[in-house]
Amino acid sequence: CALTAGTIGLLHLLGYAYSLPALTGFAATTRMAVHTATALLLLSLGVLSARPECGLMAILTTTGAGGLLARRLLPAALGLPVLLGWLEVFGERAGLYDTVLGTGLLALSSVLVLTALVWWTAGVVSRSEATQRRAEIALRDSEQRYQTLARMSPVGIFRTDAAGDCLYVNEQWCEIAGLTREEARGR
């Protein structure tokens with residue numbers, strides 16, 4: 001419902017921005033005022049933002065690749081067609097080209113701009129994933145070095161979690177404590 005209301009508000013705002021009376025109302029007597037259209041659009045954004053953990057907003061607020069893509073592409077997907085449409089209408093009214101050429105230029109510029117944006121965003125996500133993979137490999141290497149160091153250490157090592165439960169003991173600790181690893185678990 002919020003998206004429908006926002007779409008109606010945006011449609012009327014575009015009508016005012018493009019000076020197209022046909023987009024500002026369905027008949028001469030039912031036009032929506034510009035401040036009403038703005039309030040309707042803002043209200044729908046407020047409703048969507050009221051529960052960021054649910055629905056469409058959950059995708060925008062995630063920290064993963066999907067949220068990154070949405071946050072990068074959504075402003076462009078909303079703003080660029082509006083700007084390019086305004087430029088197309090302005091060029092037609094200025095007599096730079098006719099409706100057919102203007103529509104073709106609008107389609108071509110939309111394709112080029114949005115394709116470039118998708119490639120740029122895909123590159124950002126790809127670099128982010130590569131950084132994450134390198135961090136995971138470094139973590140595995142570090143864990144292997146720790147395990148080797150703990151195994152080879154002449155000192156007894158006892159590691160616990162935050163609750164105090166035993167996570168790891170090395171052989172030297174078992175010899176000192178006189179317990180097996182299984183007996184040490186859960187202590």
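For region 134-151, the count of residues that are in contact with a helix residue (DSSP H, G or I) (Cβ under 9 Å, 6 or more places away or on another chain) and either touching a residue at least 24 places away in the same chain (Cβ under 8 Å) or closer than 27 Å to H12 by Cβ (or both) is zero. Checked against (1) touching a Phe, Trp or Tyr at 6+ places or on another chain (Cβ under 7 Å); (2) exposed (fewer than 14 other Cβ atoms within 10 Å of the Cβ); (3) closer than 30 Å to Y16 by Cβ, L78 passes all but condition (1). Among the residues of region 97-115, are any assigned to a strand (DSSP E or B) and without any contact (Cβ under 8 Å) to a residue 60 or more places away in the chain? No - not one qualifying residue is present in region 97-115. Only a single item in (1) under 30 Å from S126 (Cβ atoms); (2) part of a helix (DSSP H, G or I) is not met by E53, and it is number (2). What do you reckon, is A138 outside any strand (DSSP E or B), modelled with pLDDT of 90 or more and open to solvent by less than 70 Å² (accessible area, probe 1.4 Å)? Spelling it out, A138 is indeed outside any strand (DSSP E or B), modelled with pLDDT of 90 or more and open to solvent by less than 70 Å² (accessible area, probe 1.4 Å). Of the residues in region 105-120, at least one is of a type in the set (S, T, N, Q), modelled with pLDDT of 85 or more, open to solvent by less than 80 Å² (accessible area, probe 1.4 Å) and in contact with a helix residue (DSSP H, G or I) (Cβ under 6 Å, 6 or more places away or on another chain). Checked against the criterion of being under 18 Å from L74 (Cα atoms) and surrounded by 12 or more Cβ atoms within 10 Å (Cβ to Cβ), region 11-21 contains one or more residues that satisfy it.
Taken over region 42-75, residues that are open to solvent by 80 Å² or more (accessible area, probe 1.4 Å), farther than 18 Å from G6 by Cα and hydrophobic (A, V, I, L, M, F, W, C) amount to 1. Using the structure shown, decide if V125 is open to solvent by less than 80 Å² (accessible area, probe 1.4 Å), assigned to a helix (DSSP H, G or I), within 21 Å of A77 (Cβ to Cβ) and of a type outside the set (S, T, Y). Yes, satisfied.
The values are calculated or read from the model by the stated rules, or taken from the named source; none is laboratory data. Small disclaimer: the values here were computed from a predicted structure and weren't measured. Every residue, glycine as well, gets a Cβ built from its backbone with ideal geometry; the counts of neighbours run over all protein chains shown. Ligands, DNA and RNA are stripped out before the accessible areas are found, and what is left, the full protein with its side chains, is counted by its heavy atoms. Shrake-Rupley method; radii C 1.70, N 1.55, O 1.52, S 1.80 Å.
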